[in-house]
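Just below is one structure, and these are the notes that go with it.
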């Protein structure tokens, strides 16, 4: 699969402050790409550059091989972090208007709108004004506004923030559907479990620099395993004394053992088996959350 | 172009449907209807008083003077005062008589004591009525009548009637321009300048400009600010170029303004067409066939161009403000500017050739009002109009370009209102 959205060595400076320092990434067709980073790391600036709101100082951004232009605008859909819709205008009217602005024909926009309204079980809001809807429903309408013109490139900035779990699932399904239809989706969030579920490739930004990039599975295997989940039938004592073990947490019979070296795993298991019956033993793969905190947090010290 | 149409349509539709628009339009139309009917109502109430135009004259032995007053008044064109001779001994009896005969009041002519040199003095005349004052229309008739009678009384027949008539007519101070006196200017056209329709047209165009620049300007600015604060802007600006967006908005709101003006125009026209109102207006000596079309056409050109100049700036100001509450303060300079344009024009209506008017008719922000005044009421060469128009057009292009830049930068800046320096820095940073 070819990469549709390509950022090459993109640099953006505000005065003497560098907001984005040489980011390079590519989003394939039918892929959700995770863009992670602490607040102020440069995510929003990157997205704004992709949207053509601001222009990069160096580097290039191409869309299906073309540079930014009027025709590219039609290919792109955008869900801003703070949903943007007219509070006092009817849902149907403004979504059709936004679709028309992106070059879609009115009747087709209407059809797509009905499709998504039906999908989100929100037909009753068709003639309501945005200010009359709950926050979650406003967000759904914002999402529909971003995708109603069937964009090839979709930018989702914190798409799931502030939604209840039921609606998060609903929106996740919708995002997956768009991915399966071949859209290239650039996705930013602070919720690592969403990234783990949806994204194949990620980039973690920290203070304008790329610190981690690549396939999630490869990234994970590249990080040392530091946790052991241990379940036993009776209490086990003295695990802290084993060399390489830095901490033991949890209730008796259910421990989380932190290790500084994977070599400590075998002595822990042997010790546990000596004292009790082992029901579960797992050297855990690092979670994305831990990777994020490690790669971003270490620099913060 | 297609997208521009979409923006215009959306802006227009949403603005027209708001309650505030409907209410203000209907309310103002109602106020206008009432305003137009005011002269009619006044006449209606006065109409009951026609019987009161009967005035009594208690002349006693001065019947000659009473006769002269009556003769003078009777010769006046469209005279509606009728005199009734009253014969009664004392004031109380006269008062009673005046009331029973339903008179507006009566003139009492009392012989004055002779002057120091023994010659007869002109009698004292007083107007006695229920209210104790002379109505202005009655005064306007009686004053010259009395003066004429007095002249006759003093000259005692030494002057002919014609001479007396000449004495009592006030001296007329004529006025005309150099061109007229030398016969070079189109004398016929110059005379037109002083017809009241010209004055009214200029006045209406100026007021119209001031109100539409202010009202629609504020409408545009608040529209842009609300788009920004609701963050629709971020989506809009990624879909359509800021220039398209801004012009779409400006034109859309302009059409709303035109619609409003059309509604008012129809309201006024319908009201004026009502037969009883037409009679009243005829009394004001207004003739709509005297409409100065050249002033109207120039006026509309300046109106539209001036509107765009202000509207673009209002849009730019709207884009740098993040919250509607801060908008009032931010648009103050523009409001001041339009106020200046309006007042310079209005206060110079009688003196359109002053230096101030000449200068301000070339300044793009004030020319839409002052130029109309100069074209309608003053002396102006065609090249002056042309230069002023070119300046106005050039400034529209310049400020349109600048506004688009500010707009593009402003919509991405949230938080407190940026200063010009910050704005420039941001423009540089965003590479706009």
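The values are calculated or read from the model by the stated rules, or taken from the named source; none is laboratory data. This structure is a prediction, so every number in the text was calculated from the model and none was measured. Heads up, the Cβs are rebuilt from the backbone with ideal geometry, glycines too, and the neighbour counts pull from every protein chain shown.
Counting only residues that are away from every other protein chain (no Cβ under 14 Å) and at pLDDT 85 or above, give me the helices (runs of 4 or more DSSP H) lying completely in region B:148-235 with at least 2 of them.
B:196-229
Which condition number in (1) within 14 Å of another protein chain (Cβ to nearest Cβ); (2) assigned to a strand (DSSP E or B); (3) in contact (Cβ under 8 Å) with a residue 60 or more places away in the chain; (4) over 21 Å from residue B:228 (Cα atoms) is the one that residue A:77 fails?
If we test residue A:77 against (1) within 14 Å of another protein chain (Cβ to nearest Cβ); (2) assigned to a strand (DSSP E or B); (3) in contact (Cβ under 8 Å) with a residue 60 or more places away in the chain; (4) over 21 Å from residue B:228 (Cα atoms), just (4) comes out false.
Name the single residue that is farthest from the other protein chains (Cβ to nearest Cβ) among those in region A:48-65 being touching a residue at least 60 places away in the same chain (Cβ under 8 Å) and surrounded by 21 or more Cβ atoms within 10 Å (Cβ to Cβ).
By that ranking, first place goes to A:63.
Applying the selection to region A:94-107, what residues are within 11 Å of chain B (Cβ to nearest Cβ) and surrounded by fewer than 16 Cβ atoms within 10 Å (Cβ to Cβ)?
The answer is A:105, A:106.
What number goes with the only condition from (1) farther than 20 Å from residue A:160 by Cβ; (2) surrounded by fewer than 23 Cβ atoms within 10 Å (Cβ to Cβ) that residue A:34 does not pass?
(1)
Mind listing just one residue for me: the one in region A:127-140 that is over 12 Å from residue A:167 (Cβ atoms) and in contact (Cβ under 8 Å) with a residue 40 or more places away in the chain and, of those, surrounded by the most Cβ atoms within 10 Å (Cβ to Cβ)?
A:130
So which helices (runs of 4 or more DSSP H) are wholly in region B:291-388 and hold at least 3 residues that are in the same structural domain as residue B:198 (by TED's automatic domain parsing) and surrounded by 22 or more Cβ atoms within 10 Å (Cβ to Cβ)?
Passing ranges, in order: B:293-320, B:327-347, B:367-377.
Inside region B:13-37, can you point out the residues that are away from chain A (no Cβ under 14 Å), more than 16 Å from residue B:269 (Cα to Cα) and surrounded by fewer than 13 Cβ atoms within 10 Å (Cβ to Cβ)?
B:22, B:23, B:27, listed by residue number.
So residue A:127 clears everything in (1) in contact with a strand residue (DSSP E or B) (Cβ under 7 Å, 6 or more places away or on another chain); (2) under 30 Å from residue A:25 (Cβ atoms); (3) assigned to a loop (DSSP other than H, G, I, E, B) except one condition, right? Which one?
Among (1) in contact with a strand residue (DSSP E or B) (Cβ under 7 Å, 6 or more places away or on another chain); (2) under 30 Å from residue A:25 (Cβ atoms); (3) assigned to a loop (DSSP other than H, G, I, E, B), the lone unmet condition for residue A:127 is (2).
Please go through region A:80-93 and give me each residue that is within 9 Å of chain B (Cβ to nearest Cβ) and either more than 30 Å from residue A:127 (Cβ to Cβ) or in a helix (DSSP H, G or I) (or both), ordered by number.
Matches in region A:80-93: A:93 only.
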